[in-house]
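Everything below concerns the one structure shown next.
The values are calculated or read from the model by the stated rules, or taken from the named source; none is laboratory data. This one's a predicted model, so the numbers in the text were calculated from it and none came from an experiment. No Cβ is skipped: glycine too gets one built from the backbone with ideal geometry, and neighbour counts run over all protein chains shown. Each accessible area value is taken on the protein alone, full model and side chains, heavy atoms only, with ligands, DNA and RNA left out. Shrake-Rupley method; radii C 1.70, N 1.55, O 1.52, S 1.80 Å.
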Amino acid sequence: MKKQGFGTTKDGKEALLYTLSNKNGMEISVTDYGAHLVSVLVPDKDGKKRDVVLGFDSVTGYETDGSHFGATIGRNGNRIAGAAFELHGKTYQLAKNENNNNLHSGPDGYDYRLWNVEEADDSAVTFVLMSPDGDQGFPGNFEVSVTYTLTDENAVEIHYEGSCDQDTVVNMTNHSYFNLNGEGDILGQKLRIYASNYLEGNNQTCPTGAILPVANTPMDFTEGKLIGRDIDTGFAQTTMVGGGYD
């Protein structure tokens with residue numbers, strides 16, 4: 001494992017970059033700023049390494065970018081309609097940072113904070129964060145850890161673990177953008193998703209709560225297909241904000 005500086009944040013704190021490698025020559029880099037996955041370098045069939053995720057060369061890019069490249073999203077990923085939710089009869093108001101909705105928990109998400117490093121070795125790094133009661137509008141003191149592991153089978157594993165002293169909302173994710181070519185569009189790349197259902201979104205991509213089957217729809221990737229094959233069919237879930245698959 002290699003540790004090096006990754007630049008200085010706007011408030012003068014040093015960010016660090018951790019690089020893991022395996023016996024096959026694959027490398028991943030992660031930073032304690034936002035627990036971002038910065039790069040995934042994979043040797044191709046000729047042994048040339050290619051970075052297959054989008055990212056930045058220093059912490060400055062992550063502070064100013066709104067695309068959440070490689071970010072650890074929390075406490076809640078995706079959108080909460082009306083920027084409010086009800087839990088045990090109480091309504092919790094969140095920041096309205098996309099139209100009238102809350103996106104990725106608001107402007108002060110976990111991906112804009114320095115995490116502590118709990119442990120790090122040649123194959124894994126664990127970042128930890130304490131989110132106090134009322135943080136972003138969510139109830140409860142929430143302690144969370146995210147562990148990135150690079151295996152000798154060339155798998156990148158991301159493990160989330162957390163505990164809270166109250167009932168709360170927790171729905172975390174990693175927000176990496178993959179491109180197996182390293183650059184250019186991805187429509188000619190083949191994707192397989194082991195999911196028989198998808199979560200329906202409305203015209204603002206907020207979840208409706210409906211869990212629908214992918215069978216006989218463009219959302220079906222269970223057998224694998226080119227990403228661009230069904231992307232322009234006019235199917236409702238691919239014509240919402242931004243267009244394409246969300």
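If you count the DSSP beta bridges with both ends in region 72-179, what percent of them are antiparallel, to the nearest 5? So the antiparallel bridges in region 72-179 amount to around 95 percent.
For region 165-246, trypsin sites (Lys or Arg not before Pro) meeting the loop criterion (DSSP other than H, G, I, E, B) and having at most 11 other Cβ atoms within 10 Å: ARG192. For SER39, the residues 5 or more places off, or on other chains, whose built amide H falls under 5 Å of its own are SER29. Shown is the FRET efficiency for ALA95 and ASP133, computed with R0 = 22 Å from the Cβ-Cβ distance and rounded to the nearest 0.05: 0.85.
In sequence order, region 236-246 has phi-based couplings of 3, 6, 10, 10, 7, 3, x, x, x, 7, 10 Hz under the Karplus curve 6.51 cos²θ - 1.76 cosθ + 1.60, θ = phi - 60°, and Gly or Pro positions carry x. The simple spin-label model puts a point 7 Å past each Cα toward its Cβ; for LEU199 and SER58 those points are separated by 3.6 nm. Taking amide hydrogens as placed 1.01 Å from N in the peptide plane, the amide H of LYS49 sits under 5 Å from those of ASP44, each at least 5 positions away in sequence or on another chain. Based on alpha-carbon atoms, the Kirkwood radius and the radius of gyration of the chain give Rg/Rh equal to 0.97. Rolling a 1.4 angstrom probe over the chain with all protein chains present gives an accessible area of which 47% lies on carbon and sulfur atoms. For PHE142, the residues 5 or more places off, or on other chains, whose built amide H falls under 5 Å of its own are SER131, ASP133. For Cα pairs less than 8 Å apart in space and 6+ apart in sequence, what is the mean separation divided by the residue count of region 4-57, i.e. the relative contact order in percent? Computed value for region 4-57: 22 percent relative contact order. If R0 is taken as 41 Å, the Cβ-Cβ distance between GLU86 and HIS159 corresponds to a FRET efficiency of 0.85.
The lysines whose alpha-carbon is closer than 25 Å to the alpha-carbon of LYS3, local same-chain residues fewer than 8 away aside, are LYS13, LYS23, LYS48, LYS49. Annotation for ASP167 and ASP65: the two label points, set 7 Å from Cα along the Cα-Cβ direction, are 3.8 nm apart.
List the chymotrypsin sites (Phe, Trp or Tyr not before Pro) within region 141-179 that DSSP assigns to loop and that have no more than 15 neighbouring Cβ atoms inside 10 Å. In loop regions of region 141-179 (DSSP not H, G, I, E or B), the sparsely surrounded chymotrypsin sites (Phe, Trp or Tyr not before Pro) are TYR177. Applying both filters, DSSP loop and at most 11 other Cβ atoms within 10 Å, to the GluC sites (Glu not before Pro) of region 169-246 gives GLU183, GLU223. In the chain, helices alone account for a calculated mean residue ellipticity at 222 nm of -500 deg cm²/dmol, with every DSSP H run of four or more residues adding -39,500 (n - 2.57).
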